[in-house]
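Step one of this worksheet: look at the structure below.
All of the numbers you see were taken from the coordinates with simple rules; none came from a lab. Keep in mind that this is a model prediction, so the values were computed, not measured. As a convention, Cβ positions derive from the backbone with ideal geometry for all residues, glycine included, and neighbour counts pool all protein chains shown.
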Amino acid sequence: MGQIGDKTISHSLAYLNNVRLINYRLPCVLSTQALFADTFLQNNKLDHVTQVMGYHPQYLDPFLRTQNYILKGDGPLPFDYRHYIAIMASSRHQCTYLVKLQIQEFLLQEGNKEWLNGLCQVPQKLRDLDELNKILAHQPWLFNKSHIEAVDAEAGVELLMLKMKTISEQQEESTQEEKLKCFQKEQNQSAELITDVGMSLPRSDIQRFTSDPDFSYRDFARRREASEIPTFRIQDYSWEDHGYSLLNRLYNDAGTFLDEKFKTAYDMTYHTMGSKNNVDTSTFRRAIWNYIQCLYGIRHDDYDYKEVNELLEKNLKTCIKTLCCYPERTTKDDYDNVMREFRHSEKVHVNIMMLEARMQAELLYALRAIMRYMT
């Protein structure tokens with residue numbers, strides 16, 4: 001008992017030191033300490049991801065609530081299934097840290113240890129998700145209603161029971177040809193960025209949780225199926241007007257949680273940029289968000305993509321592309337060599353925006369495919 005007590009005390013002291021350190025560095029403490037304390041009490045640990053996000057408590061709050069709702073709240077999936085899906089998602093980009101974290105949670109939920117030997121040991125329902133996970137993670141524009149039809153019959157029946165009238169896609173053509181040309185130019189330039197795509201990574205034991213490990217991001221502008229896969233126009237199917245309501249019907253309140261997270265990541269600002277104060281950062285934030293979604297073939301008709309070239313330097317665009325499309329290849333140098341004059345917390349914010357803009361892009365492709373399947 002003495003050893004266990006000493007270990008617990010040491011962990012608690014380390015936790016408190018982390019809280020003090022981040023609170024000291026934050027420009028606005030807000031409720032970081034309370035969020036950390038609540039997370040520590042719920043999970044008996046404070047993982048690194050949560051600590052880094054502590055720089056932005058106004059985002060960390062909805063992030064943690066969304067995470068808790070999806071992994072621990074009411075829902076159709078057993079808890080061990082949820083954590084195994086998280087293992088599959090994390091292993092897609094060879095994120096050993098998150099895989100190990102989710103394996104611990106999977107075992108705490110009394111998950112079948114044999115499943116940890118790889119996909120060959122899991123139920124067919126989970127194996128069916130691997131193909132969807134692979135496509136949405138790397139080339140979401142390939143996702144269509146046939147992938148929904150391929151999922152096992154039980155899930156298909158649930159989707160059919162939730163069939164609803166959907167808002168028809170707008171038929172208006174873009175009236176600003178120049179904006180379209182700028183979007184296409186940005187895509188072509190992004191395709192030229194060096195991202196070490198030819199570099200072969202060592203095989204990892206966590207790859208047993210995924211199949212076809214060589215399947216990866218391919219530049220949307222260079223896809224062979226260009227004539228079959230048109231650019232995703234956000235005006236035709238947007239999160240606000242279509243995806244949000246459909247997801248809420250499929251999974252109660254999930255759309256609400258995600259919507260708050262998206263908005264917080266996009267709108268969050270302390271009106272600073274490095275050492276400068278009272279700065280309106282909205283234009284910069286919009287350029288980052290729209291550039292990330294441009295990488296995945298999503299075009300905002302009302303946005304002038306010339307702003308991307310004006311506001312994002314080539315090395316920053318290269319870093320963003322690497323982090324979004326090949327995160328497993330990211331190094332500390334990639335992080336250190338961009339936005340050198342920015343605060344650490346501001347770099348964290350840019351990474352949060354990458355996470356959410358990419359996630360929204362994947363969701364839009366998936367939800368549009370579900371809508372077409374249901375109609």
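Data overview
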| quantity | calculated |
| --- | --- |
| Rough spin-label spacing in nm, given labels placed 7 Å along Cα→Cβ, for residue 42 and residue 313 | 3.9 |
| Ratio Rg/Rh [Cα only; Rh per Kirkwood] for region 266-371 | 0.97 |
| 5 angstrom amide H check on residue 233, placed H, neighbours 5+ away | 299 |
| At q = 0.16, 0.23 Å⁻¹, base-10 log of I(q)/I(0) for region 237-325 (Debye sum, equal scatterers on each alpha carbon) | -0.81, -1.24 |
